[in-house]
Amino acid sequence: MRLLPTLTACSAALVLAVPAGPAAAADTPSGFTITDPRIKESSGLTASRIHPGVYWTHNDSDDGPYVYAVDSASGRTVARVTLTGIGRPRDVEAISLGPDGQLYVGDVGDNKGGTWDHVWIYRFPEPKVLADATVRAEQFTVTYADGPRNAEALMVHPVTGRVYIASKDENKGGLYEGPSRLTTGAPNVFRRVADLPWVTDGAFSPDGGALTLRGYFFARTWAWKDGRPVGSGEGVAAPWQGQAESVTYTADGTALMFGAEGAGSRVVAVPVPARAGAAPAPSGGTRAPARPGSPAAASETQGPQDKGSFAKGALVLAGGTVLVMAGRRLVRRRTPKA
């Protein structure tokens, strides 16, 4: 009786038959692959507001004061910005674009397990021209009201301009709120406003009404009201990416872009369900239509990718394994003894 092969085939079919979910929607952007060999540890990601289809990213520690603009149509770097006026970065983990049109770079990681007594944020205007350039950045010293933290997520609210940092700790992770205005004359004290799980990056929706955070194995979106996340959040069908490090919204807010570390890393797009009462993207935050025939236009017309959910796949794979094991037991019981 060929029961075991049949069960094995059924379990394989179950794995292949996992519903693709929101990630397979017809209007899903296709994402892109970062092709620049200099970008080996893409650790943060944010969508440009003035250059359609362009995303800003940076390496993790040990790269230097560099920020890269990547064209999502080709995956190629179209600008590398060198920051001056700051010390040597220690552990750059995040990047976010504020409503003031400036890029905020979070040198907020702590490879020594949360023992540095301060970290830094660098700020500079988003370049109007995409070309290699050297710019002078402001440097802000950051401390935490409840002591040093290791963190990988920095988010600037697109309406208020307030900066938030999410710490990375499996036991006491939290969301920290910065002062209403960053200053260079004294440390900027960030205060804990909410408890969070271990996260590696986060982003506000362009209208400021939602906050999405991701970790290595999950992503969740919280409604945002009165400067705080509301409730327990809703799960997002984030892709399985191994060293999952970054997330941002597209400039028009219709999709989330998930990135990872590694040479030639893939940025995966996941559509965002429409929220009741969601406001349009703030002025200057709506993605302008791409010029017909341009690389950005080509990117917008590419087909969707079927990425699915890591959690769903893991559950179905576990179910298939149970079926296989049950089949083996049944076969052993039915096999006559010699």
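The values are calculated or read from the model by the stated rules, or taken from the named source; none is laboratory data. The model shown is predicted, which means the values in this text are computed figures rather than measured ones. Backbone-built Cβ (ideal geometry, glycine too); neighbour counts: all protein chains shown.
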Per the filter on segment 191-210, residues hydrophobic (A, V, I, L, M, F, W, C), surrounded by fewer than 22 Cβ atoms within 10 Å (Cβ to Cβ) and either touching a helix residue (DSSP H, G or I) at 6+ places or on another chain (Cβ under 8 Å) or assigned to a strand (DSSP E or B) (or both) are V193, A194
The residue from A79, A69, A73 that alone is buried (at least 18 other Cβ atoms within 10 Å of the Cβ), touching a helix residue (DSSP H, G or I) at 6+ places or on another chain (Cβ under 8 Å) and either in a loop (DSSP other than H, G, I, E, B) or in contact (Cβ under 8 Å) with a residue 24 or more places away in the chain (or both) is A73
Subset of segment 61-75, residues among the charged types (D, E, K, R) and more than 19 Å from the chain's Cα centre (by Cα), comes to D62, D63
Expected output for segment 187-200 (first residue at pLDDT 95 or above, partner in a strand (DSSP E or B) and small (G, A, S), Cβ below 6 Å, 6+ apart or cross-chain) is R192/G174
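Out of all the residues in segment 211-218, is one or more touching a helix residue (DSSP H, G or I) at 6+ places or on another chain (Cβ under 7 Å), more than 22 Å from V54 (Cβ to Cβ) and in a loop (DSSP other than H, G, I, E, B)?
Taking segment 211-218 first, the residues touching a helix residue (DSSP H, G or I) at 6+ places or on another chain (Cβ under 7 Å) are 217.
Okay, now just the ones that are also more than 22 Å from V54 (Cβ to Cβ), so 217.
Within this subset, residues satisfying the condition of being in a loop (DSSP other than H, G, I, E, B) are 217.
Yes, some residue in segment 211-218 is touching a helix residue (DSSP H, G or I) at 6+ places or on another chain (Cβ under 7 Å), more than 22 Å from V54 (Cβ to Cβ) and in a loop (DSSP other than H, G, I, E, B).
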Pairs returned, first residue in segment 216-238 that is of a type outside the set (A, V, I, L, M), second residue that is in a loop (DSSP other than H, G, I, E, B), beta-carbon separation under 6 angstrom, 6 or more apart or interchain, are T221/V236; W224/G209
Among the residues of segment 138-167, the number that are buried (at least 21 other Cβ atoms within 10 Å of the Cβ) and assigned to a loop (DSSP other than H, G, I, E, B) is 2
Picked from segment 192-242 (must be among the charged types (D, E, K, R) and over 15 Å from K168 (Cα atoms)), the residue farthest from the chain's Cα centre (by Cα) is D226
Conditions (1) assigned to a loop (DSSP other than H, G, I, E, B); (2) farther than 20 Å from D107 by Cβ -> P229 fails only (1)
